[in-house]
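Single-structure report; data block below.
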Amino acid sequence: MLKKFFILCSGADHALLDTCSPGEQNKYAGIGATVFFTALMAFIASGYALYTVFDSIPMAVGFGLIWGLLIFNLDRFIVSTIKKRDNFLDEVLQAVPRLILALIIAVVISKPLELKIFEKEIDRVLLEQKNDLTLANQNQIADQFTPAEAALDTEIEGLKNEITTQETEVNALYNTYITEAEGTSGTGKLGKGPVYAEKREKHDAALAELTQLKTTNTEKIAVLQLQKEKLATDYKTRVAETQPIIDNFDGLMARIDALETLPWLPSFFIFLLFLAIETTPIFAKLISPKGEYDLKLADAEGELKSWATQKANQRKNLIDADNIINDKVYGDLTEEDDLYNYKKKMARELMQKQQDAFYKRQSKLL
């Protein structure tokens, strides 16, 4: 049962192959087994690749099965259409397009399996890329908020500088009236005289202004600090909103790009393995001599071709003979007086009817 299934996979004519030796049947069973297991690997590879795309096992299995059947049909077609010929060069020429197709199939099958085999290494590369993208994303978002935050800091610093400047002036006025009272500056008289009172009054007025300025600027600074906190909150919100995009940066194309950053030699040997598997049936049919099945198939095709050629020649001869007979029959008919007189009589009657119809039409017009 298994042998018949593999023969079916090889694309060989099982009815014709049943008449061949067991060795010939085993050869085509081996070719069919290679076709079947190549399709099985294509199903596994495409299923994994599609799972990375859809994140759904049923969809991956469904589409993977369709892809596996497609590869199975292509491989079966490639193998079954290669036929042994008398000239080896002709066999190579007919195999070239099939080898190109096999090369494409090998690439398609091997790449998803490479992604699975080197999954841990790819995850490490993706992690590094995600970290770089996270930092770059945070910097880009920060660049959007930096001008507004810098403007707020400048405004806050200006309000603080106003307070500092006013404090410096108040301290200077304080020193002035204290030294006036001590007699170390100003009038040089010890005690609290009229000049002292004037300077003290000026200091108190400046101190009141300072107190008011502190109150006003402190309120303004508090409002500006709230705006800064809101900017910080908006920044964190924007980062949180965009981070899932980076976290999901592990799709099929991202993994293929990550695979390209790894050493190429292991991936290349895996590709060569699948290329060898895919092209083995083709090379097996190319290098193997004509077997019993090939001879019987060529004989059956030659018999069919001869029969088709013979049938076409018979149709051509039949048409030629029929044309000759028709020419002779119609030639003989032209020499019969009865047929001539009958056609002359019918033509006369027809012309009379046409003339009568024309006369009636003209009469109505008049």
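Read the figures in this text as sums done on the coordinates, not as results from a lab. For clarity, every value in this text was computed on a predicted model and none was experimentally measured. All Cβ positions, glycine included, derive from the backbone under ideal geometry; neighbour counts span all protein chains shown.
Structure values in brief
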| quantity | calculated |
| --- | --- |
| Spatial separation of Cα centroids for the range 256-271 and the range 130-147, in angstrom | 31 |
| Relative contact order (%) - the range 14-160, alpha-carbon pairs under 8 angstrom, separation at least six | 19 |
| Residue pairs, from the table Lys3/Lys296; Lys316/Lys343; Lys111/Lys285, whose Cα atoms sit over 32 Å apart | Lys316/Lys343 |
| Selection of trypsin sites (Lys or Arg not before Pro), the range 1-38, meeting DSSP coil and at most 11 other Cβ within 10 Å | none |
| The chain, dipole about Cα centre (Lys/Arg Cβ +1, Asp/Glu Cβ -1), debye to the nearest 20 | 1780 |
| Helical contribution to [θ] at 222 nm, DSSP H n ≥ 4, -39,500 (n - 2.57), averaged over the chain, rounded to 500 | -31500 deg cm²/dmol |
| DSSP-loop trypsin sites (Lys or Arg not before Pro) across the range 65-130, with at most 14 other Cβ within 10 angstrom | Lys83 |
| Average Cα contact separation per residue, the chain, under 8 Å, 6 or more apart, as relative contact order % | 22 |
| For the range 237-253, Karplus couplings with θ = phi - 60° (6.51, -1.76, 1.60), whole Hz, Gly/Pro x | 5, 4, 5, 5, 6, 8, 4, x, 4, 5, 4, 8, 7, 8, x, 4, 5 |
| Using a Förster distance of 30 Å, the FRET efficiency for Asp257-Phe283 (Cβ separation, nearest 0.05) | 0.35 |
| Listed values (i) 1.53; (ii) 1.56; (iii) 1.05, entry calculated as Rg/Rh (Cα atoms, Kirkwood Rh) | (ii) |
| Two-site label geometry, Ile117 and Glu219: point separation in nm, points 7 Å out along Cα→Cβ | 7.4 |
